[in-house]
Each structure stands twice: as C-alpha cells, then as structure tokens.
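Colleague: Would you mind keeping the following structure in view while I ask a few things?
Computed from the coordinates by the stated procedures, all read-outs in this text should not be read as laboratory data. These numbers were taken from a predicted model, which means no experiment stands behind them. With ideal geometry, Cβ positions are generated from the backbone for all residues, glycine too; neighbour counts draw on all protein chains shown.
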Amino acid sequence: MYFKKLIVGPLQTNCYILACKKSKEAAVIDPGGEEEINLIINNLKKNNFILHYIINTHGHIDHIMGNKLLKESTQARLLIHQLDAGRLLEEVNEKFCVFLDRKIVSPPPDRFLVDGDEITLGSLKLEVLHTPGHTPGGICLLVKDIIFTGDTLFAGGVGRTDLPGGSYSDLINSIRGKLLVLSDDKIIYPGHGPASTIGQERRDNPFLQY
C-alpha cells in the first residue's frame, strides 16, 4: 500500500493519496485546494499511478475545492455520500466562497456512497462508514490499520456542528458507534491536523470523556 499526505488549500486540509503498489490503482481523498492539484498529479505520474477515484469525506468547500481540476485532468470518478451532494451543502459553500472572493463549483458525483460500501483499489479494500454529525453525509474510510476520519474526529477534538446540517448528538453517536468500537491500534488520519490512534482518542479526547 502506498500512502501520502499533502496539506492543501487555504484552510490547511489534509489531502491523502492512497494506492495499491501492485495494480497502480489510486484514490485521492479530499483534494481541498486548487493550487496543489499539480502536486497531486505529479505524484501520480512519478509513481505511475492511475487515479480511479476522487473521494470526498464530506461536502464542505475545503474538502472539495480541487475536485473539478483533478477530475478534468484524470477522468477519475467522484464519490461522495448522497446527503452531502445536495442543496444544503451548496448553500453552506456559497457562504464560504464569499471569504475566498471566487466561486468554487464541484462536478456532480459519479457514485453515491452508503454505509458499508467497499471501494476497491487493486488488493486494497476501503470500507465506507457513514458518520453524520459534522455534515449529514460525512463518512470515514477504513483500510487495513488506517481510518481516514475527515472532519468527524481529530486528534484531541471533534468536528464542528454549528453549520447547517450539523448535529452534535449525531456526531458523538457516530464516533462512539462507528469509530470507538475499533481497536485501539487503528491509526486515524483526520481532515485537519496531526494523526492519532483510536486508543489515544478514547483515553484523552476531552469531548469523549463522559
């Protein structure tokens, strides 16, 4: 398995490149910046990877900003949960665009993800966990000993729930019901900030200590 993290976009989003070394099939998770698309494409070319999927853990603009350019350059399929592909997220992102002084538009998804889906990259299997709370259609992706948590769970924190569609009770229920049931040694790679483990968050995350 090949894995690389890039920090992209104005909100310092963690973008991940994941690939099967044997088949050369790759996915990019949360391309949240436009200026860094060439970095992603150059990495794919350098490793002779073929980008099959662009996966958004949720629909906020800092996680989808590079969708259009990356899809146009690679013809990869765009995947997102259906609940984050509609008007609600468009309205939230329109507010974000005001601060960026430009309009950001993502192409429509090629496939809607649901809880329990599997995304195949050669010998790799990514399991989709629907974890609503930060957004209605937020997902996490589990592959081997790694889980990409988007803006659901951070090292020492959890996703904000004060934007339209957010729900603190749903978020905590998602974390407890889908993430904390995993083994302590699972490594979490969140949408922002450093990595952690399920065990460390179970013990030390102040939002989960009750």
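Colleague: Considering only the other residues whose Cβ falls under 15 Å of the Cβ of Phe207, what net charge follows from Lys and Arg at +1 and Asp and Glu at -1?
Modeller: -1
Colleague: Picking from Val105, Val181, Val28, which is most flexible by a Gaussian network model of the chain using Cα springs under 10 Å?
Modeller: Per the Cα network of the chain with a 10 Å cutoff, Val181 tops the list.
Colleague: Whole-Hz Karplus ³J(HN,Hα) for the range 180-189, in order, using 6.51 cos²θ - 1.76 cosθ + 1.60 and θ = phi - 60°, x for Gly and Pro?
Modeller: 6, 7, 7, 5, 4, 7, 5, 8, 9, 10
Colleague: Using modelled backbone amide H atoms (1.01 Å from N, in-plane), which distant-in-sequence or interchain residues come within less than 5 Å of Lys186's amide H?
Modeller: Long-range HN contacts for Lys186: Ile198, Gly199.
Colleague: Taking θ as phi - 60°, what are the ³J(HN,Hα) couplings along the range 9-17 by the Karplus curve (6.51, -1.76, 1.60), each to the nearest whole Hz, with x for Gly and Pro?
Modeller: x, x, 9, 6, 7, 7, 10, 10, 9
Colleague: Tell me, how many Å apart are the Cα centres for the range 155-171 and for the range 1-61?
Modeller: For the range 155-171 versus the range 1-61, the Cα centre distance is 25 Å.
Colleague: Once the dipole of the range 2-208 is set up with Lys and Arg at +1 and Asp and Glu at -1 on Cβ about the Cα centre, which of Ile175, Ile54, Gly193 lies farthest towards its positive end?
Modeller: The Cα lying farthest towards the positive end belongs to Ile54.
Colleague: Label Asp204 and Ile50 with points 7 Å out from Cα along Cα→Cβ: what is the distance between them in nm?
Modeller: Using points 7 Å along Cα→Cβ, the separation is 4.2 nm.
Colleague: Where does the chain land at 222 nm, in deg cm²/dmol rounded to the nearest 500, when only DSSP H runs of n ≥ 4 count, each adding -39500 (n - 2.57), divided by all residues?
Modeller: The per-residue figure over the chain is -6500 deg cm²/dmol.
Colleague: On to the next question. Among DSSP beta bridges lying fully in the chain, give the percent that are antiparallel, nearest 5.
Modeller: So the antiparallel bridges amount to about 65 percent of the total.
Colleague: So, one more: Would you work out the Kirkwood radius for the range 2-208? I mean one over the mean of 1/r across all pairs of different Cα atoms, in Å.
Modeller: It works out to 16.8 Å.
Colleague: Excluding Gly66 itself, calculate the net charge of residues whose Cβ lies under 13 Å from the Cβ of Gly66, where each Lys or Arg counts +1 and each Asp or Glu counts -1.
Modeller: Working: positive: Lys68, Lys71; negative: Asp30, Glu34, Glu35, Glu36, Asp62, Glu72.
Charge balance in the 13 Å sphere: -4.
Colleague: Now for a separate question. Below 8 Å between Cα atoms, with a sequence gap of 6+, how large is the relative contact order for the chain in percent?
Modeller: Relative CO of the chain lands at 15 percent.
Colleague: Okay, moving on. Report the extension gain between Lys103 and Arg160 in nm, rounded to one decimal, defined as 0.36 nm multiplied by the number of residues separating them, less their alpha carbon distance.
Modeller: 18.2 nm
Colleague: Here is a further query. In nm, what is the difference between 0.36 nm times the number of residues separating Lys21 and Ser73 and their Cα-Cα distance? Mind showing how you got there, number by number?
Modeller: Values: separation 52, 0.36 × 52 = 18.72 nm, distance 2.14 nm.
Net length gain for the segment: 16.6 nm.
Colleague: A further question on this structure: For the residue pair Arg176 and Ile41, what label-to-label distance in nm results when each label sits 7 Å from Cα along the Cα-to-beta-carbon direction?
Modeller: In this crude spin-label approximation the distance works out to 4.7 nm.
Colleague: Local charge sum around Ile40 (other residues, Cβ-Cβ under 12 Å, Lys/Arg +1, Asp/Glu -1)? Present the calculation step by step, with values, prior to reporting the outcome.
Modeller: On the way: positive: Lys4, Lys5, Lys45, Lys46, Lys71; negative: Asp30, Glu34, Glu35, Glu36.
That works out to +1.
Colleague: Per-residue HN-Hα couplings for the range 170-179, Karplus 6.51 cos²θ - 1.76 cosθ + 1.60 at θ = phi - 60°, whole Hz, x for Gly and Pro?
Modeller: Karplus-based 3J(HN,Hα) across the range 170-179 equals 5, 4, 5, 5, 5, 5, 5, x, 10, 9 Hz.
Colleague: Quick one, what does Rg over Rh come out to for the range 158-210 if you take C-alpha atoms and the Kirkwood Rh?
Modeller: Values: Rg = 11.4 Å, Rh = 11.8 Å.
With Rg and the Kirkwood Rh in hand, the quotient comes to 0.96.
Colleague: Now, a different point. Under the rule of at least 5 residues apart or a separate chain, name every residue whose amide H is placed under 5 Å from the amide H of Thr13.
Modeller: So Thr13 has HN proximity to Val8.
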